[in-house]
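Beneath this line is the structure, given in structure tokens, with notes to follow.
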Amino acid sequence: MRVADKPLVSIVVATYNMAAYLPLALRSALDQTYGNVEVLVVDDGSQDDTRGVMAPFLGDLRVRYLVQENQGQAVAKNHGIREARGEYIAFLDADDIWVPEKLEQQMPLFFQSGSVGVVYSRLAYIDETGKELSLADNQLFRGRVSGPLLVRNFIGFGTSVVRKECFDRLGRFDEAMRMGIDYDLWLRFSTQYEFDYVDHPLLLYRVWSGQMSNNCKSRYLSGIAIMERFLKQYPDVVEKSTQEEAWAHTYVGYGQCVHRVDRRVAPALSLYIRALRHKPGYVPAWKAMVATILGLRSFGR
């Protein structure tokens, strides 16, 4: 397919005080082997040298630099979506990096089926210096994914490419949310569209100390609120047994987080018991209870 015949992909890069990493992210977006792209950098009121590091990129006609007052990631990403000219929208956080073939490998999955609204991929973790740490080996799902998605968010945000019509039909990011905005979006889109994925890492996800996602207690509370709202709005999309598994899984993870952060046994045990009320035979909950009682530290879900 000639470049001129390829649908335009709008790459939204929302950034706040990421001057140290932003050039690497932009270079990885502009160096895609899939030729027809535009890059929208939405500067959410940065106080560092973001304007300075953007200067060398502004001569590239594919790049647009949009500046707004600091209003948060959801507002910034929605700004980019509104300005996007492409039929497809991809997201890249300013501290992450795409592999050159990312879009080239993902876009054909849209052409195979008009029912596919989101295509994502695996990811690999890197540290602050760019050294690769590990490959994310979690289970991925394709097709109608509301059930498994309710159990856990298995979609790395920066791996995603989305049909723009998904936003037109089902709305953009919820600007009232501080965390979990992508999880809320994927659940909503899963009610109307199929998902697909490329089964190898196309994103290098940077792990560093200042990330919002490091606040696990707030992340779980946000996730619980998102699940509750989703089930209230779409009560018949996910089978009851899967809903119970999702709650059990979530409360075990929340309990492990509380135990790890607060180092208190009673609140963690209370959350494990809550998980078992949803699914009495849920083995991870029983294992977490035993580990907590024995004073063993849990490391994640």
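The values are calculated or read from the model by the stated rules, or taken from the named source; none is laboratory data. Worth saying up front: this structure is predicted, and the values here are computed from it rather than measured. Ideal geometry is used to build each Cβ from the backbone, glycine not excepted, and the neighbour counts take in all protein chains shown.
Numbers below:
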quantity	calculated
Hits in the range 155-187 (condition: aliphatic (A, V, I, L, M) and closer than 17 Å to Tyr234 by Cβ)	Leu170, Leu185, Leu187
Residue that is farthest from Val151 (Cα to Cα) [pool: residues in the range 268-294 that are aliphatic (A, V, I, L, M) and within 27 Å of the chain's Cα centre (by Cα)]	Ala268
Strands (runs of 3 or more DSSP E) (entirely within the range 72-183) containing at least 1 residues that are surrounded by fewer than 19 Cβ atoms within 10 Å (Cβ to Cβ), in contact (Cβ under 8 Å) with a residue 12 or more places away in the chain and of a type in the set (A, V, I, L, M)	116-126, 132-135
Any hit, the range 248-267, residues being outside any helix (DSSP H, G or I), farther than 17 Å from Val151 by Cβ, of a type outside the set (A, V, I, L, M) and outside the structural domain of Ser146 (by TED's automatic domain parsing)	yes
Qualifying residue in the range 273-289 (condition: part of a helix (DSSP H, G or I), over 23 Å from Asn138 (Cα atoms) and at pLDDT below 95)	yes
For Ala55: the one exception among (1) out of contact with any helix residue (DSSP H, G or I) (no Cβ under 9 Å at 6 or more places or on another chain); (2) in a strand (DSSP E or B); (3) farther than 20 Å from Tyr205 by Cα	(2)
Complete set of residues in the range 249-267 that are over 22 Å from Asn153 (Cβ atoms) and touching a residue at least 12 places away in the same chain (Cβ under 8 Å)	Val265, Pro267
Residue in the range 42-54 that is in contact with a His (Cβ under 6 Å, 6 or more places away or on another chain) and touching a residue at least 24 places away in the same chain (Cβ under 8 Å) present	yes
Residue within the range 135-149 that is within 28 Å of Leu22 (Cβ to Cβ) and of a type in the set (Ser, Thr, Tyr) present	no
Whichever residue in the range 77-99 is within 15 Å of the chain's Cα centre (by Cα) and among the small types (Gly, Ala, Ser) and, among such residues, is nearest to Val53 (Cα to Cα)	Ala94
Test: residue in the range 209-228 that is assigned to a helix (DSSP H, G or I), in contact with a Gly (Cβ under 6 Å, 6 or more places away or on another chain), surrounded by fewer than 21 Cβ atoms within 10 Å (Cβ to Cβ) and on the phi < 0 side of the Ramachandran plot	yes
Total residues in the range 31-50, condition farther than 29 Å from Tyr183 by Cβ and surrounded by 13 or more Cβ atoms within 10 Å (Cβ to Cβ)	3
Of all residues making up the range 236-247, the number that are under 20 Å from Gly180 (Cα atoms), free of Cβ contacts under 8 Å to residues at least 40 places away in the same chain and not in a helix (DSSP H, G or I)	0
Members of the range 171-200 that are more than 18 Å from Ile224 (Cβ to Cβ) and out of contact with any Gly (no Cβ under 9 Å at 6 or more places or on another chain)	Gly171, Arg172, Phe173, Thr191, Tyr197, Val198, Asp199, His200
